[in-house]
Amino acid sequence: MAEVYVGTKFQTIFVRKTPPTDASTGALLAWCRQWAQAGWIAKATGNLSFRTGGGFIITPTGTDPVTLTINDFVEVIGVDEKEVRVAGTREPSSECRMHAAIYAARPDVNAVFHGHYAPALQLTSVAITTHEVPYGTPAMATETVQALGAGNFVVMRGHGFVAVGLAMRAAHAAAVEVLARL
C-alpha cells in the first residue's frame, strides 16, 4: 500500500497546552535518535511511546526525529473513535490509536515502538497482520493488536512493524532481535 501521509485522521482536543514533564521523556528522545540513525524512523514515518500513569507519551505527528526536542512530545490522555485528548503543544502521532489499543490490550506493555524498514515487510517467520489497512485508523489498531497477540513484534502488512516491551529498552531489544536477521 503506497498510501500518502496526510496527517492525523482524528480531532485533537488539547486538555493542557503544556509539554509533558515525565522524567522518562528524555530516554524516549534518545531512542528516537537511535532509531532514526538505524533508519527505522524518519520524518513523518514511525513513532515511539511509553506508558504513563495517565495515558502515554508519544512522538508528535509529522516530526523529524533528528530535530525533535523534549518539548515536542505529547501525552495522550484519552482516545475514542473521533477524538484524541492530549497534553502538549503538538498533535500526537497519527498512529496514536494503535498505541492506545496495544496499551489497552496488553497491561504488560509499557513501551510501543513503531518503525518503517522495507526489508521487515518481507519477513514471514513473525506475526503479520492479516490485512493491509490505512494508517491511523481504528482498523489498523485492531489488526495490529490481533496479530501481535501475546508476542512482542509484529509486521503491519504493507506498512511497517511494531515492537513492544515492559520498558523502552525491551521494545528496542524486541526489534533488534527480529531485524538483526535481515
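Remind me, relative contact order of the stretch 39-92 in percent, using alpha carbon pairs under 8 angstrom and six or more residues apart?
Numbers: 89 pairs, mean separation 15.8, N = 54.
In percent, rounded to a whole number, it is 29.
Got the relative contact order for the chain handy, in percent, Cα pairs under 8 Å and 6 or more residues apart? Can you show the working numbers first?
Numbers: 383 pairs, mean separation 39.3, N = 182.
So the answer I get is 22 percent.
Near the amide H of Gly78, within less than 5 Å, lie the amide hydrogens of Arg85, all on another chain or at least 5 residues away, with H placed in the peptide plane.
Determine the sum of side-chain charges near Phe161: Lys and Arg each +1, Asp and Glu each -1, restricted to other residues whose C-beta is under 14 angstrom from that of Phe161. Intermediate values should be presented prior to the final figure.
On the way: positive: Arg157, Arg181; negative: Glu95, Glu132, Glu143, Glu177.
Computed value for this residue: -2.
Each of Leu123, Leu29, Pro107 was placed along the dipole of the chain (beta-carbon charges, centred on the mean Cα), and the one lying farthest toward the positive end is Leu29. Only one of the listed values, (i) 1.10; (ii) 0.92; (iii) 1.02, was derived from the coordinates as Cα Rg over 2.2 N^0.38 Å; which label is it? Calculated Cα Rg over 2.2 N^0.38 Å: the matching label is (ii).
How large is the helix-only mean residue ellipticity at 222 nm for the chain, computed as the sum of -39500 (n - 2.57) over DSSP H runs with n ≥ 4, divided by its residue count, in deg cm²/dmol to the nearest 500?
Values: 4 runs with 47 residues, N = 182.
Using -39500 (n - 2.57) per qualifying helix, the result is -8000 deg cm²/dmol.
Here, each number is a calculation from the coordinates, and none is a lab measurement. Keep in mind the model is a prediction, meaning the values are calculated, not measured. In this analysis, Cβ positions are derived from the backbone assuming ideal geometry, glycine residues included, and neighbour counts consider all displayed protein chains.
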